[in-house]
Amino acid sequence: MNPTIHSVTQRIIDRSRASRQDYLGRMNELAAQSPQRGALSCSNLAHGFAACGQDDKDTLKLMNKANVAMVSAYNDMLSAHQPYAGFPDIIREAAHGMGSAAQFAGGTPAMCDGVTQGQPGMELSLFSRDTIAMSTAVALSHNMFDATLLLGICDKIVPGLLIGALSFGYLPTVLVPAGPMPSGLPNKEKQRIRQLYAEGKVGKEELLEAESKSYHSPGTCTFYGTANSNQLLVEVMGLHLPGAAFFHPNTPMRDQLTRAATEQVIRLSRPQGGALGLGDMVDEKSIVNALVALLVTGGSTNHTLHWVAIARAAGIIIDWNDYAELSSVVPSMTRIYPNGEEDVNAFHEAGGTPFMIGELLNKGLLHNDVETVVGHGLERYTQMPALESGKLVWRPATTKSLRPDVLSSAAEPFAPDGGLKVLEGNLGRGVIKVSAVAQEHHRVEAPAVIFNDQNELKAAFDAGELNKDCVVIVRFQGPQSNGMPELHKLTPYLGVLQDKGYKVALVTDGRMSGASGKVPAAIHVYPEASAGGPLARVQDGDRVCLDADKGSLSVDIDEAEFASRELARPDLSGYQRGFGRELFGWMRHAVSTPEEGASIFGNQPL
């Protein structure tokens, strides 16, 4: 085992010892009551299966038969979740074939950051994760179930489903992906059209045509943002079936994988003799494996929030120093947009997650001794599913990348480290992803230009006020201010400035997520401005330095003078009413810091 991976894992184990033992103790108490519906009164149970057919009623009367809960984020507006419409019928049929039953236990919200980007709805996005967690708990609270299938794929949805299901971590659980859409307009061309639009060189009609060719069918968006990072990390944690993440929806392979997931979760259930639940599989080693996978692939910076929150739901405490230390020793093995030009389909065709896992296991960069939904040992995930005469089988993954320009070996990576850094200084503490940032842009020192609203930046750009070296500070974008929206709409403008030859960087207490690209961006900076953080004291023209190599984020000003400045206090009421935002006010008041997961569930493990 790589010594740094080992030492970080041991540090997490030591740090989490009390909270992890408390969590496992609670799960063991609940598991001892299984089968859960056996604790229900006759009236309770009759209500629980009243709508079932007679065969399912007969099954559910028996405590030696499994009942599978489906918790789904299906809706037919969002491309990633629309394929889930047909999954319940597939799952019920597979369960019946195993002599068991499956019930649709409940639905959760599923919002798309692509639809809400730059819109008021985006200010509900981060809080939708914890809403999904609570929705999952409501769905499972009926105490009717022996196993769980989680149907969700995108940004806040998979973390929310996991957080909620971990409160029922005594139940075996499998996540069921739906897969990405086929490749559309090449990412390089999409990016080119976006920048032309930002410069006013093409109109809205041309931009919409390009976007429609990029996002064009059912399935997940194909760039390597938070949604596809979710899928890869969950697979490396052993919570999917091996190789399941990136097959397209509405194909025979996808349907067979869904059937197989149902059959497998039934095998894991206590009526079938199983003894392990989700809480046993989400342990310190599997969390470290997820972080390694994130760093190796240059995945979404949103997971410096989400995986902290997931870990805490299992009694495990991780922090950004763990990410940074792991990042220093793991290689960068992928070039997937925005860290390259190709997409997740090319990654999958190159050998995908099974090849990557094999490479990392051989290098001692992943823990093999973990529990997964297909048994003990992560080496089981070095296999790729295939269909033989319509039957699902698993074959050993390729031992050589089929697209070395997209997916490298661990021995010859694209870069020696994972590209995620922690920044700290008199402006606060944040993170930066530099895997797509050229070395000459790792350090930017320039006068600050201050915005309290992301929409102000476009007006300044259009007026030519940003045609200079500058550190753009977009503040009051943290979770307490307005729910911490992603600021993707800033990327084209800042990219244009950089292409013109200006030294430019972004500093924000908001998010950039998987779309963090070629412009250096210090994100998730806290204490946030609304909490009286240093960003609220910075003024236009202050000399700010972002140095990713040294890990520093600072303003060059006398300490006493800086401390004496009055805090900026803009009117934030426009962020907090309309589009349902008034319903989430209590969450803005309750939310923890980004390094604690930006969660309403507090800064302590659940």
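The values are calculated or read from the model by the stated rules, or taken from the named source; none is laboratory data. Everything quoted here is computed from the prediction, not taken from an experiment. Methodologically, a virtual Cβ is constructed for each residue, glycine included, from the backbone with ideal geometry; neighbour enumeration extends over all protein chains shown.
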Restricting the stretch 180-209 to residues that are basic (Lys, Arg) and assigned to a helix (DSSP H, G or I), the one surrounded by the fewest Cβ atoms within 10 Å (Cβ to Cβ) turns out to be Lys204
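Give the residue, chosen from Ile600, Ile557, that is β-branched (Val, Ile, Thr), at pLDDT 95 or above, over 23 Å from Val422 (Cβ atoms) and assigned to a loop (DSSP other than H, G, I, E, B).
Ile600
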Of the residues in the stretch 124-148 that are within 17 Å of the chain's Cα centre (by Cα) and not polar (S, T, N, Q), the one that is surrounded by the most Cβ atoms within 10 Å (Cβ to Cβ) is Leu126
Selection status of Leu239, modelled with pLDDT of 95 or more, assigned to a loop (DSSP other than H, G, I, E, B), touching an Asp or Glu at 6+ places or on another chain (Cβ under 7 Å) and within 30 Å of Ser16 (Cα to Cα):
no
Within the stretch 376-396, does at least one residue satisfy the condition of being in contact with a strand residue (DSSP E or B) (Cβ under 7 Å, 6 or more places away or on another chain) and in a loop (DSSP other than H, G, I, E, B)?
no
Residue pairs, Cβ under 6 Å, 6 or more apart or interchain, first in the stretch 34-46 and outside any loop (DSSP other than H, G, I, E, B), second among the charged types (D, E, K, R) and at pLDDT 90 or above. List them.
none
Qualifying positions in the stretch 437-460 - crowded, with 21+ Cβ neighbours inside 10 Å and either over 16 Å from Leu494 (Cβ atoms) or at pLDDT below 95 (or both)
Val437, Gln454, Leu457
Any hit, the stretch 92-111, residues being surrounded by 23 or more Cβ atoms within 10 Å (Cβ to Cβ), assigned by TED's automatic domain parsing to the domain that holds Gly238, assigned to a helix (DSSP H, G or I) and not acidic (Asp, Glu):
yes
Which residues, taken from the stretch 16-62, are of a type in the set (Lys, Arg), over 36 Å from the mean Cα position of the chain (by Cα) and either exposed (fewer than 14 other Cβ atoms within 10 Å of the Cβ) or within 18 Å of Met281 (Cα to Cα) (or both)?
Lys61
Go through (1) over 30 Å from Pro492 (Cα atoms); (2) in a helix (DSSP H, G or I); (3) in contact with a Pro (Cβ under 7 Å, 6 or more places away or on another chain) for Leu305 and report which single condition fails.
(1)
Expected single match for under 27 Å from Gln119 (Cβ atoms) and either in the same structural domain as Asn467 (by TED's automatic domain parsing) or free of Cβ contacts under 8 Å to residues at least 12 places away in the same chain (or both) among Leu553, Leu535, Leu567, Leu546 is Leu535
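Assigned to a strand (DSSP E or B), without any contact (Cβ under 8 Å) to a residue 60 or more places away in the chain and crowded, with 22+ Cβ neighbours inside 10 Å - does that describe any residue in the stretch 513-530?
For the stretch 513-530, residues assigned to a strand (DSSP E or B), without any contact (Cβ under 8 Å) to a residue 60 or more places away in the chain and crowded, with 22+ Cβ neighbours inside 10 Å: absent.
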Any idea which of Ile357, Ile316, Ile310 is assigned by TED's automatic domain parsing to the domain that holds Thr222, in a loop (DSSP other than H, G, I, E, B) and surrounded by 18 or more Cβ atoms within 10 Å (Cβ to Cβ)?
Ile316
Verdict on Thr136 being of a type outside the set (A, V, I, L, M, F, W, C) and more than 19 Å from Ser592 (Cα to Cα):
yes
Criterion (assigned to a loop (DSSP other than H, G, I, E, B) and either in contact (Cβ under 8 Å) with a residue 60 or more places away in the chain or on the phi > 0 side of the Ramachandran plot (or both)) met by exactly one of Pro177, Pro159
Pro177
